[in-house]
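Since the structure comes first, as structure tokens, the remarks are kept for the end.
Nothing in this text is a laboratory measurement; each read-out follows from the coordinates by a stated rule. This structure is a prediction, so every number in the text was calculated from the model and none was measured. Note that we place each Cβ from the backbone using ideal geometry, even for glycine, and neighbour counts take in every protein chain shown.
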Amino acid sequence: MKYELSLYKDELSPQAAMQLPLGEAQRVIRAIYVIHGGLRVRAGNFSGVLGGNSAFHTSDSAQFSAGHLTTWALRWELARAGAPDAFATGNGVTSKKLLTAAMPLDPAKDYLLRCDRVDFPPGGEALTHTHRGGGIRCLLAGAIDIHTNNTVHRYLPLEPWFEAGPEPVYAKTAPAVDSAFTRVMILPREMLGKSSITYVKAEDLDKPKNQKYQIFIDTPIALPV
């Protein structure tokens with residue numbers, strides 16, 4: 001069975017209610033990160049408010065509504081390949097798909113979903129590394145150059161990119177400002193509570209690492225069926 005991970009940007013006017021599709025025959029794993037503003041959330045037994053720089057995940061139907069501020073959110077959807085687009089709808093709601101990437105996942109194996117944020121000082125870098133699983137990143141602030149597969153691509157705020165995991169990546173951020181991105185990765189379940197990063201070059205192992213991590217979600221999931 002093939003899977004895809006998609007990233008959407010949702011914008012809600014103050015007090016707007018957002019509806020998200022969730023078909024009865026289609027299970028979806030969903031993670032939402034609030035960039036700014038706030039979201040009231042009702043899903044299953046959970047009822048609460050997400051402020052800026054916080055995240056929530058669910059595979060159940062859920063209700064989302066904005067507070068008194070315009071709200072911007074990033075939303076990742078893990079679903080079977082070929083599933084319909086999952087644009088948010090509602091009065092005062094706009095929704096845009098930023099990226100979709102194929103995810104080579106094995107239904108016979110166990111996985112977890114991790115949503116975190118990575119911050120860099122001016123001119124920070126992530127030394128050449130790999131990860132244990134794939135995921136979609138989205139820049140929040142600053143600028144970042146991603147070096148991989150003999151190419152370099154610069155990303156600016158609200159621009160996404162996909163990293164499959166096994167391919168070595170080197171990242172360098174803008175020299176004059178702080179930079180940060182948020183991401184969702186699908187990792188082997190044995191990585192629960194553990195770093196997914198492996199540094200490729202022996203000479204980098206003992207070098208200082210200047211990126212800082214903030215984990216919002218690190219939880220086992222059942223793949224969509």
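Considering all different alpha carbon pairs of the chain, the Kirkwood hydrodynamic radius works out to 18.0 Å. Taking the number of Cβ atoms within 10 Å of each Cβ as an exposure proxy, the fewest-first ranking of 1, 185, 103 is 1, 103, 185. The phi-based Karplus calculation (6.51 cos²θ - 1.76 cosθ + 1.60; θ = phi - 60°) puts the 3J(HN,Hα) values of region 100-115 at 10, 9, 5, 10, x, 9, 9, x, 7, 10, 9, 9, 10, 9, 10, 10 Hz, whole numbers, x for Gly and Pro.
Measuring nothing but how far apart in sequence close Cα pairs (under 8 Å, 6+ apart) lie, relative to its length, the chain scores a relative contact order of 25 percent. Within the shell of other residues whose beta carbon sits under 12 angstrom from the beta carbon of residue 131, the net charge comes to +2, with Lys and Arg scored +1 and Asp and Glu -1. Panel order for 72, 161, by other beta carbons found within 10 Å of each beta carbon, from fewest to most: 72, 161. Taken along the Cα-to-beta-carbon direction at a fixed 7 Å, the label points for residue 42 and residue 2 span 3.9 nm. Here's the list of aspartates and glutamates a cross-link from residue 96 could span, going by alpha-carbon distance under 16 Å and ignoring same-chain residues fewer than 8 apart: 10, 11, 77, 85, 159.
Close amide H partners of residue 105, meaning residues 5 or more places away or on another chain with modelled amide H under 5 Å apart, are 3. Which entries in 9/109; 2/194; 172/201; 9/172; 9/209; 172/194 show an alpha-carbon gap greater than 28 Å? Long pairs (Cα-Cα over 28 Å): 9/109; 9/209.
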